[in-house]
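Comments concern the structure below.
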Amino acid sequence: MCSKRIHAAWFGTHFFLLTAVCLGGVFWLIAQGATILPSVCNEYARKAELGATWCLGKEAGASNPLRRAIATYLHAAGIQAGYSFFAPNVPSHHRLTLELFHDDGRVEYESPHARSKAAALRLDSLLDKLPEERYEPVREVVLKMLAFSVWREHPDVKRIRATLETVHLPSITDFEHGKAETIQPMFSFDFSLRGEKQQ
Amino acid sequence: MRLNPLHRAWQRFLGFLFPSESDMWLTVFRIGLGLQVTLYALFLRSDWHYLFASSGKGLVGRELGEAITSFDSPVIPKLGWLIAVGRNLNMSEETMLTVAWVGLLSAGCLLLLGLLSRPAAIVAWLVHLCAAESGGLLAYGADNFMTTALFYLMLSPLPDRYSFDHWVTKTKPKNPQALGFWRRVLQVQLCFVYFIGGVGKLLGNGWWDGSNLWRALIRPPFNLVPPDLLIRFKYALPLLGISICLIEVSYSIFIWIKKTRLIWLVCILAMHVAIGLLMGLYLFALVMIVMNVAAFGVPCTSKRAQGTSGRIE
């Protein structure tokens, strides 16, 4: 009986945390105004999201032991992220174009690449995350690393301009009328051996 | 003896949590995850070092993902730990990454066979978790599901009757209620997954008019089906989009009802097969199929299990 109680307590705690993670994710979507719900719901959703994140200890200081314990458990169980895949809508696709400037004035265009399809899928997933606000602090570093991965294959290149672009896909009607995807540049960084600066 | 309502509810809850089960579902779960881990390792074979090498050697550099993870908590396992251990043993980063990959592949193969089932499940969970956390920015949905599934497998009462372990060591059959508990955990987990996934989709206008399905299928790198072919089915897209949402949201109800279980299970499995084949998300599709079949696809309770009861070990 004691063992059953321990199992039941773990079950309750585990799914309580999962509920908080999942609801936090849904409330975040609503708070962003990305759903079909009226905008009056956004403020309530923001408060509800705070409640969900409080349950996960995220309102506590970064070094708080309870917060860290919960985070460790969530990661270990693979339940740190919600399940809102392709929700509420399918996000736009992003791509990274690298302009390679050679010493002799030549300009080549490249993209970071992987050998296998499985790794390429991960690379695409990374590029789709970068425009998100929460990745703003690491965006430049990631683009620099990606540029550097291409640079290693072209050591004679003196400067690289990395441009992250959003690819807007045509709707069904647009496609039927012969319209293709449109590209919108989002961020651009120049990297050289001497240093880098944002444009 | 009359029980008060609270006590009765508690007993019913315990009855729900600890049904008697045979270990057939666990066999399916173990073999399925063994296949999943093996394929995961093989698919990433050529890029393993490229994805997880330190800065300046790989794609993005392992340190960045590990720094982001450490911000959440410094004790979340990561590949950097294994590499630090290797450094103390005078082994290079490259060697340790190879060891990690071989460990993962071996764990997958051992799970497939059911040899050293529990240690293999622990190694598979740990190495996969390290890889998922170190490559944090490169991870996607399939990684979370793999971590969750391996976490449950590692805690489940292994080995099962159809494993080599059982054949070699003649272990006693596991407690049916312990088997039932871990299957219940997997079942409830899936209900969460689909309910939240379905609600999230229902909140987007694109799932009501089919445009999200169109975008999902023409969006690189999932664009395996030519748009010209897809356009022929344009009138079916809204119906399919709404059906996906409704099947997901109602999964947590109809999967528990005996009469509707098979229908919902077939629909969900068909959806994952379609995701795998039409979008190229093979690992994601496989892990979801394995979890669904283990949770709801294997006949519920054996007579032998029903007739046995006992304490959770």
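The values are calculated or read from the model by the stated rules, or taken from the named source; none is laboratory data. Here the structure is a predicted model, which means the values were calculated and not measured. So basically every Cβ, Gly included, is an ideal-geometry build from the backbone, and we count neighbours across all protein chains shown. Heavy atoms of the whole protein, side chains included, go into the accessibility calculation; ligands, DNA and RNA do not. Shrake-Rupley method; radii C 1.70, N 1.55, O 1.52, S 1.80 Å.
Worth a mention:
- From the options B:Phe233, B:Phe195, B:Phe254, residue that is open to solvent by 50 Å² or more (accessible area, probe 1.4 Å) and within 9 Å of chain A (Cβ to nearest Cβ): B:Phe195
- Answer residue from region B:235-255, given it is free of Cβ contacts under 8 Å to residues at least 40 places away in the same chain and part of a loop (DSSP other than H, G, I, E, B) and is nearest to the chain's Cα centre (by Cα) among those: B:Ala236
- Answer from B:Leu89, B:Leu112 - the residue that is at pLDDT 95 or above and either within 12 Å of chain A (Cβ to nearest Cβ) or farther than 23 Å from A:Ala77 by Cβ (or both): B:Leu112
- Filtering A:Ala87, A:Ala180, A:Ala114, A:Ala147 for residues that are within 13 Å of chain B (Cβ to nearest Cβ), at negative phi and modelled with pLDDT of 90 or more leaves a single hit, A:Ala147.
- Failed condition for B:Gly58, given (1) surrounded by fewer than 15 Cβ atoms within 10 Å (Cβ to Cβ); (2) at pLDDT below 90; (3) of a type outside the set (S, T, N, Q); (4) in a loop (DSSP other than H, G, I, E, B): (1)
- In region B:198-230, residue nearest to the other protein chains (Cβ to nearest Cβ) [restricted to those that are within 23 Å of the chain's Cα centre (by Cα) and small (Gly, Ala, Ser)]: B:Gly200
- The single condition among (1) open to solvent by less than 30 Å² (accessible area, probe 1.4 Å); (2) under 26 Å from B:Tyr282 (Cα atoms); (3) at the interface with chain B (Cβ under 10 Å from one of its Cβ atoms) that A:Thr166 does not satisfy is (3).
- Answer residue from region B:45-55, given it is open to solvent by less than 60 Å² (accessible area, probe 1.4 Å) and in contact with a Leu (Cβ under 9 Å, 6 or more places away or on another chain) and is nearest to A:Ala118 (Cα to Cα) among those: B:Asp47
- Breaking point among (1) hydroxyl-bearing (Ser, Thr, Tyr); (2) assigned to a loop (DSSP other than H, G, I, E, B); (3) in contact (Cβ under 8 Å) with a residue 24 or more places away in the chain, for B:Thr171: (3)
A quick yes/no check of all residues on (1) closer than 13 Å to B:Gly34 by Cβ; (2) surrounded by fewer than 23 Cβ atoms within 10 Å (Cβ to Cβ); (3) not aliphatic (A, V, I, L, M):
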residue	(1), (2), (3)
B:Ile83	no, no, no
B:Leu89	no, yes, no
B:Val99	no, yes, no
B:Ala131	no, no, no
B:Asp143	no, no, yes
B:Leu150	yes, no, no
B:Tyr162	yes, yes, yes
B:Trp167	no, yes, yes
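- Hey, A:Ala45 more than 20 Å from A:Phe189 (Cβ to Cβ), open to solvent by less than 40 Å² (accessible area, probe 1.4 Å) and within 18 Å of the chain's Cα centre (by Cα) or not: no
- Cβ pairs under 9 Å, 6+ apart, first in region B:8-31 and more than 14 Å from chain A (Cβ to nearest Cβ) and farther than 12 Å from B:Arg183 by Cα, second among the aromatic types (Phe, Trp, Tyr) and open to solvent by 60 Å² or more (accessible area, probe 1.4 Å): B:Arg30/B:Tyr162; B:Ile31/B:Tyr162
- Pairs linking a residue in region A:60-79 that is more than 8 Å from chain B (Cβ to nearest Cβ) and closer than 22 Å to B:Leu153 by Cα to a residue that is part of a loop (DSSP other than H, G, I, E, B) and open to solvent by 50 Å² or more (accessible area, probe 1.4 Å), with Cβ atoms under 8 Å and 6 or more positions apart or on different chains, are A:Leu74/A:Gln80.
- Filter pass, A:Asp128 being of a type in the set (D, E, K, R), facing chain B (nearest Cβ under 8 Å) and either part of a helix (DSSP H, G or I) or crowded, with 20+ Cβ neighbours inside 10 Å (or both): no
- Qualifying residue in region A:90-105 (condition: over 28 Å from B:Leu213 (Cα atoms), surrounded by 20 or more Cβ atoms within 10 Å (Cβ to Cβ) and not polar (S, T, N, Q)): yes
- Selection of first residues in region A:22-36 that are at the interface with chain B (Cβ under 7 Å from one of its Cβ atoms) and of second residues that are in a helix (DSSP H, G or I) and open to solvent by 70 Å² or more (accessible area, probe 1.4 Å), restricted to Cβ pairs under 8 Å at least 6 apart or on distinct chains, gives the following pairs, ordered by first then second residue: A:Ile36/B:Asn205.
- The set of residues from region B:59-68 being closer than 10 Å to B:Gly135 by Cβ and more than 7 Å from chain A (Cβ to nearest Cβ) comprises B:Arg62, B:Gly65, B:Glu66.
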